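In what follows, a structure is listed as structure tokens, so that the remarks can point back to it.
The values are calculated or read from the model by the stated rules, or taken from the named source; none is laboratory data. As the structure is a computational prediction, the values presented were derived from the model and not from experiment. Heads up, the Cβs are rebuilt from the backbone with ideal geometry, glycines too, and the neighbour counts pull from every protein chain shown.
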Amino acid sequence: MTGLINTVNAPDELLQAYTSLFIFLGGSVSMAPQESELPHLCDAGLLRNLPVESRNSTFGQASRLLKSPCPFKQQCHLTVENNYGSLLSVKSKAEAYPAASLWRETGTTTEEHYSQLTRIYIRYGYSRAEDEGLEPDHLGIQMLFTNLLIEKYLTEDDYEIREMIRKELLEFINKEMLSWLPQWAERVSGKSVTKCYTGISGLIVGGLEDVRDILSIQKLGL
């Protein structure tokens with residue numbers, strides 16, 4: 001098992017713990033720092049209290065970055081806000097804007113890719129109305145959709161439907177997200193002037209790899 005939640009190893013409990021983490025991570029890349037409270041958490045080193053521990057090396061390196069207080073002292077809030085602006089906020093200017101279409105070759109046009117994503121979102125009842133202004137392939141949107149699928153998987157009683165959701169979730173993580181996120185996280189790490197966004201990007205990649213591995217193990221009935 002790749003992840004641990006305290007001393008509990010039950011796969012469903014692990015997946016539930018990752019949903020809590022993914023809500024925070026998705027907000028960190030889609031909301032301004034003053035909205036996500038990321039500067040305060042980084043400043044105080046409060047991200048040491050993650051809901052999940054993991055043996056995944058990417059996750060581990062990222063979590064270690066986030067366990068120490070911000071090195072910028074009184075300037076942490078301003079530094080994180082400026083870093084968000086230069087890295088993630090404006091598509092035409094950001095050095096690491098988190099949208100799949102900027103990082104991966106889909107074999108289709110951007111519009112076709114958007115249409116494909118919208119269809120799967122609609123199929124699972126995922127409404128993006130409250131996220132007006134973000135593209136269907138924006139990381140914040142995809143993290144929330146991943147959370148929705150995990151929740152549906154965990155609460156579905158019908159075995160065949162649950163298995164269908166598991167396969168769809170695995171495909172979404174492997175083909176849609178992990179096809180571009182490692183490259184994106186590498187750019188974030190190279191361009192970030194704070195440990196916050198380097199750590200956040202690493203947790204996203206490592207966390208998704210963990211969820212993928214948990215779901216793959218469940219396929220084997222373990």
Checking the structure you have, find out if any residue of the stretch 96-110 is in a helix (DSSP H, G or I), closer than 17 Å to Glu176 by Cα, of a type in the set (S, T, N, Q) and at pLDDT 85 or above. yes
Only one of Arg128, Arg123, Arg64 is basic (Lys, Arg), modelled with pLDDT under 75 and either closer than 27 Å to Asp210 by Cβ or touching a strand residue (DSSP E or B) at 6+ places or on another chain (Cβ under 7 Å) (or both), namely Arg128
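May I ask you to list the residues in the stretch 156-210 that are of a type in the set (S, T, N, Q) and over 21 Å from Tyr97 (Cβ atoms)? Break it down into steps so the answer makes sense when it comes.
If we filter the stretch 156-210 for residues that are of a type in the set (S, T, N, Q), which is where we start, we get 174, 179, 183, 189, 192, 194, 198, 201.
Selection gives Asn174 alone.
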Output the residue which, of all residues in the stretch 67-95 that are at pLDDT 90 or above and closer than 17 Å to Leu181 by Cα, is surrounded by the most Cβ atoms within 10 Å (Cβ to Cβ). Leu88
Look at Tyr153 and say whether it is out of contact with any Leu (no Cβ under 8 Å at 6 or more places or on another chain), aromatic (Phe, Trp, Tyr), surrounded by 13 or more Cβ atoms within 10 Å (Cβ to Cβ) and modelled with pLDDT of 90 or more. no
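Please state which one of Ala10, Ala17 is in contact with a strand residue (DSSP E or B) (Cβ under 6 Å, 6 or more places away or on another chain) and modelled with pLDDT of 75 or more. Please lay out each step first, then the result.
Details: Ala10 fails: in contact with a strand residue (DSSP E or B) (Cβ under 6 Å, 6 or more places away or on another chain).
Step by step, each of Ala10, Ala17 is checked, and only Ala17 is in contact with a strand residue (DSSP E or B) (Cβ under 6 Å, 6 or more places away or on another chain) and modelled with pLDDT of 75 or more.
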